[in-house]
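Report on the following structure.
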Amino acid sequence: MDRMDWTSPNWKCEPGHLADEPEDQLIFDDAVKAETDHLYARVKDVILPDEWPAFAPLIAAINRLKKEKGAIILAHNYMTPEIFNCVGDLSGDSLALARMAADVQEDIIVQAGVHFMAETAKIMSPHKTVLIPDMRAGCSLAESISGGDVASIKAKYPDYPIVTYVNTSAAVKAEADVCCTSSNAVQVTEWAAKEWGTDTVILMPDEFLARNVAANTDIRILTWKGSCEVHERFTADDVEALREGHPGVVVLTHPESPVDVVRAADFAGSTAAMAKYVKDNKPEKVVLLTECSMSDNVAVENPGVNFVRPCNLCPHMKRITLQNIYDSLRYGRFEVEVDDDVAARARISIQRMLDLPKPATPAQFDRDRAPVAVDLV
């Protein structure tokens, strides 16, 4: 995605000592209003007018601090709209953020996302300072597997390439052969099978992504029993209830959802693919079965579309707020470090993914293909 211009209408975290720091008086006055009116015009359909005065002073202060510090904010699609649309400089899904992290010019990267994303940014920009506003912003999927788990699997299955989802720790990426995201999982899986001369690939750790990939390729897939706590909770019954309660609604879902949800939906694809579907097709009424803020951010870009809003919150993403982004910039916290050896090995698996031809369009999953057997390692 293009950089937005707000000027015109295995990590170590040390909190430091802040007791002597003066408190800022951030108020919504005429100057802040003038500075942020053009931003509110962008998000007025998803942020109520009486909420804006609480957001605007922090937004103005963050955008000033970025210039002063030489910093850039990478914002994931699951960030709340005031972050994603009003302070994020570069934004997108995990694949887009990985590409962006390798190319940023600024000396400081603030990751508005979760810790594996911050680690990826540090791996791809080792000489940059990478900050995450809350060191507790983790990921249930990333925490489902360790580097030691992957090393054991490699020893057990030495002839099969290991593809790890980018939603994993640096230690896991370091043990993998290549990374993937939901946008390119099928592409990477088929590349790895060809490169290793095998008909079997180990795709981890998301069991549901692996099962949905297996239904969209002729490659045999082995996987790990991990899942995203946001997407695993959706059911085919949810889809049926949405259709009954909202006649004519178009149901979009993510391949981290269970296979029966993907088959019940009208469209299944990565976050980028879902956003593109809405933009290209402009359905009269749509529901995105994914993290809540994704719908808000896609709605900003598609004001004529009616969004039905049942969704699941990611509690880890929601640890990132305007306040702690401001504190992160002001106090330089919390810095993410990755062991040099781990980073060097992880960089290989990430770079192999980035070196593959960029898909012409974000990946979508054929929901009509029958499920196939997928064994757990």
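The values are calculated or read from the model by the stated rules, or taken from the named source; none is laboratory data. Here the structure is a predicted model, which means the values were calculated and not measured. Here the Cβ is made from the backbone with ideal geometry for all residues, glycine too, and neighbour counts use every protein chain on show. Surface accessibility is based on the protein's heavy atoms, side chains included, excluding ligands, DNA and RNA. Shrake-Rupley method; radii C 1.70, N 1.55, O 1.52, S 1.80 Å.
If R0 is taken as 51 Å, the Cβ-Cβ distance between Ala241 and Ala31 corresponds to a FRET efficiency of 0.60.
Compared with the direct C-alpha span, the chain from Arg369 to Leu48 gains 111.3 nm at full extension, assuming 0.36 nm per residue.
The distance from the alpha carbon centre of region 279-303 to that of region 178-229 is 27 Å, rounded to a whole number.
Normalising the average separation of contacting C-alpha pairs (under 8 angstrom, six or more residues apart) by the number of residues puts the relative contact order of region 287-377 at 19 percent. Length, then width, then depth: along the principal axes, the Cα atoms of the chain run 63, 54, 32 Å. Taking Cβ atoms as reference points and 14 Å as the exclusive limit, the residues near Ala31 contribute a net charge of -2, counting Lys and Arg as +1 and Asp and Glu as -1. In the complete set of protein chains, residue-level accessible area for Ser152 is approximately 80 Å², probe 1.4 angstrom. In the chain, a dipole from Cβ-located charges (positive for Lys and Arg, negative for Asp and Glu) runs towards its positive end, and of Thr253, Ala56, Ile132 it is Thr253 whose Cα lies farthest in that direction.
Per the 1.4 Å probe, what fraction of the accessible area of the chain, in percent, lies on carbon and sulfur atoms?
On the way: 7800 of 15910 Å².
The computed percentage sits at 49.
Determine the per residue accessible area of the chain with all protein chains present and a 1.4 angstrom probe, expressed in square angstrom.
Numbers: 15910 Å² over 377 residues.
Heavy-atom SASA per residue in the chain reads 42 Å².
A simple spin-label model places pseudo-atoms 7 Å from Cα toward Cβ; at Asp218 and Ala41 they are separated by 5.4 nm. A cut-off under 13 angstrom between Cβ atoms defines the neighbours of Leu48, and their net charge, with Lys, Arg +1 and Asp, Glu -1, is -4. I want to make sure I understand the PRE zone here: with the label point 7 angstrom from the Cα of Trp196 toward its beta carbon, which residues in region 119-143 have backbone N atoms less than 12 Å away? No residues fall inside that zone.
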